[in-house]
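Scroll down for the structure; my scribbles are underneath it.
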Amino acid sequence: MVLGLCVIFTLLAVFPPFGVPGFAFALGGAAVLVGFGLLPLAVAAVGVARSVDVCCFLSGMMLLAELCRQEGVFATIAGHAARLAGGSASRLFGLVFLVGILVTALLSNDATVVVLTPAVAAIARAAGMEKPAPLLFACAFVANAGSFVLPIANPANLVLYGQQMPSLLPWLAHYSLPSAGALLMTYLGLRLTQRAALAAPMAPVIEAPRLSLPGVMAALGTCGTAALMLAWSASGRPFGPVTLAAALGTALLVWLRSEMPPGRTLRHIAWGVLPLVVGLFVMVTAVDRTGLTGTLAARLAPLATAAPLRAGAAVLGLVTMASNIANNLPVGLLTGQVLAATALPHQVREAALIGVDLGPNFSVTGSLATILWLTALKRDGYAITSGQFLRIGAIITPPALALALAGLALS
């Protein structure tokens with residue numbers, strides 16, 4: 001009963017029908033489990049407590065991203081990229097891809113799709129691009145492909161590692177080659193599939209928007225927060241509260257000099273993500289009590305001990321498939337519980353993280369970031385179908401996963 005209810009409510013939360021917010025189903029599922037006595041209230045409270053670090057991290061990142069958007073940081077960066085492109089759509093595509101890597105690494109993949117996508121769409125419109133799809137696709141695909149450049153690039157990284165998050169230097173030692181391989185294949189795949197659209201002419205952008213003093217403060221505060229998080233991760237302590245504290249400090253400084261009222265900034269943040277995460281954490285805690293995660297970990301342990309890379313490849317494939325069926329957020333939570341249930345070689349955890357981060361590039365349902373990207377496109381008047389995304393994802397993602405796994409083996 002627990003497994004059945006969790007599957008139903010998770011799918012409803014990730015793909016909510018009738019315009020009902022997804023978090024309502026996530027909290028509803030948690031409430032049903034507790035209300036029917038399938039999950040003790042004290043155990044549900046443990047699930048809520050586990051979600052605090054991720055919620056603090058997301059709150060801080062969303063606040064910084066919204067500050068940068070409102071103060072024109074992303075519009076200015078995109079404008080300078082368009083000016084440097086000199087009327088070449090192909091060059092502009094490369095610059096947007098590079099900016100996407102930087103934004104993802106420093107602000108998380110959700111920030112790339114939520115705030116960089118509208119800025120890129122506006123620049124493409126200003127440049128008179130007949131076919132801006134390559135730039136828009138770049139924002140979505142790089143958000144997932146760049147999710148393991150740094151530990152802070154994706155909330156899923158926090159979920160999979162929990163209190164065992166590696167500090168910066170060990171992270172770079174393990175993930176630099178896989179990240180480089182994933183990003184290289186994603187870039188080449190997009191260039192190949194979008195070559196006709198990139199050959200279309202575009203008007204040169206002569207002048208980029210100028211950044212105001214509050215915008216400079218928001219940009220510096222964001223970079224400072226990213227540096228603080230990376231340094232704090234070396235201590236092995238949760239960096240969600242530190243992220244939120246630094247973001248609030250940045251916001252207060254920006255609000256003192258900005259014409260934008262704090263209420264306007266806060267209203268534009270997608271706060272519904274937080275109760276969604278809390279509800280999913282509670283349901284995954286309920287699944288853990290059924291013994292499923294322990295059983296999966298026990299089945300995985302012998303193979304992982306005998307052949308870590310083979311086990312890692314198998315986990316990567318399974319996590320990739322599951323993420324594209326049920327979204328990588330609940331899959332990442334469940335995978336994190338399985339990995340925490342027993343001692344496994346580090347290659348298995350790393351392969352699982354690559355599957356959770358990069359694997360969702362197959363389909364629009366694969367990650368929360370891609371779903372948010374579709375929402376951002378609709379607001380700007382662009383329509384990209386799930387079939388279009390799947391055709392490109394099916395070409396790009398398998399070689400990107402293969403090269404990332406090869407980089408992991410070399411690391």
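We did not get these values from a lab; they are worked out from the coordinates using the rules stated. Being a predicted model, the structure only gives us computed values, none of them experimental. Glycine also receives a Cβ, built like all others from the backbone with ideal geometry; neighbour counts cover every protein chain displayed.
Taking 0.36 nm per residue of sequence separation and subtracting the Cα-Cα distance, how much length would be gained by fully extending the chain between Leu102 and Leu38, in nm to one decimal? Before the final figure, lay out the partial values.
Details: separation 64, 0.36 × 64 = 23.04 nm, distance 4.42 nm.
Length difference between fully extended and current span is 18.6 nm.
Using the Cα centre of the chain as the reference point, and only Cβ charges (+1 on K/R, -1 on D/E), how large is the resulting charge dipole? Debye, rounded to the nearest 20.
Dipole about the Cα centre, nearest 20: 360 debye.
Distance from the Cα centre of the stretch 44-59 to that of the stretch 185-245, in angstrom?
26
Determine the dipole magnitude for the stretch 126-274: charges of +1 sit on the beta-carbon of Lys and Arg, -1 on that of Asp and Glu, nothing else is charged, the reference point is the Cα centre, and the result goes in debye to the nearest 20.
The calculation lands at about 80 debye.
Find which of Ala203, Leu339, Val282 sits farthest along the positive direction of the dipole of the chain, computed with +1 on the beta-carbon of Lys and Arg, -1 on that of Asp and Glu, about the Cα centre.
Ala203
Mind checking the angle between helix 2-14 and the chain's longest principal axis? C-alpha axes, 0 to 90 degrees, to the nearest 10.
Orientation of helix 2-14: about 10 degrees from the principal axis.
Any chance you could check the Cα centroid distance between the stretch 64-96 and the stretch 284-334 for me, in angstrom?
38
Projecting each Cα onto the charge dipole of the stretch 310-411 (Lys/Arg +1, Asp/Glu -1 at the beta carbon, about the Cα centre), which of Tyr382, Val319, Ala402 comes out farthest on the positive side?
In the stretch 310-411, that residue is Tyr382.
At 7 Å along the Cα-to-beta-carbon direction for both Val20 and Ala298, put a label point, then send me their distance in nm to one decimal.
3.6
Counting other beta carbons within 10 Å of each Cβ, put Ile354, Ile8, Ile101 in order, fewest first.
The most exposed by this proxy come first: Ile8, Ile101, Ile354.
Determine ³J(HN,Hα), in whole Hz, for all residues of the stretch 298-315 in sequence, where each value follows from phi through the Karplus function 6.51 cos²θ - 1.76 cosθ + 1.60 and θ = phi - 60°; x replaces Gly and Pro.
Along the stretch 298-315, the couplings run 5, 5, 7, 4, x, 5, 5, 6, 6, 9, x, 5, 5, 5, x, 5, 5, 5 Hz.
Roughly how many Å is it from the Cα centre of the stretch 379-393 to that of the stretch 147-163, as a whole number?
The two parts, judged by their Cα centres, are 27 Å apart.
Once you mark the GluC sites (Glu not before Pro) that are in a DSSP loop and have at most 14 other Cβ atoms within 10 Å, what is the longest gap between them in the chain?
260-411
Once you place label points 7 Å from the Cα toward the Cβ at Leu309 and Arg391, how far apart are they in nm?
3.7
Roughly how big is the stretch 5-147's charge dipole about its Cα centre, with Cβ charges of +1 (Lys, Arg) and -1 (Asp, Glu), in debye to the nearest 20?
Roughly 300 debye, rounded to the nearest 20.
Principal axes first, then extents: for the Cα atoms of the stretch 44-159, list largest minus smallest coordinate on each axis, whole Å, largest first.
For the stretch 44-159, the Cα spread along each principal axis is 55, 26, 20 Å.
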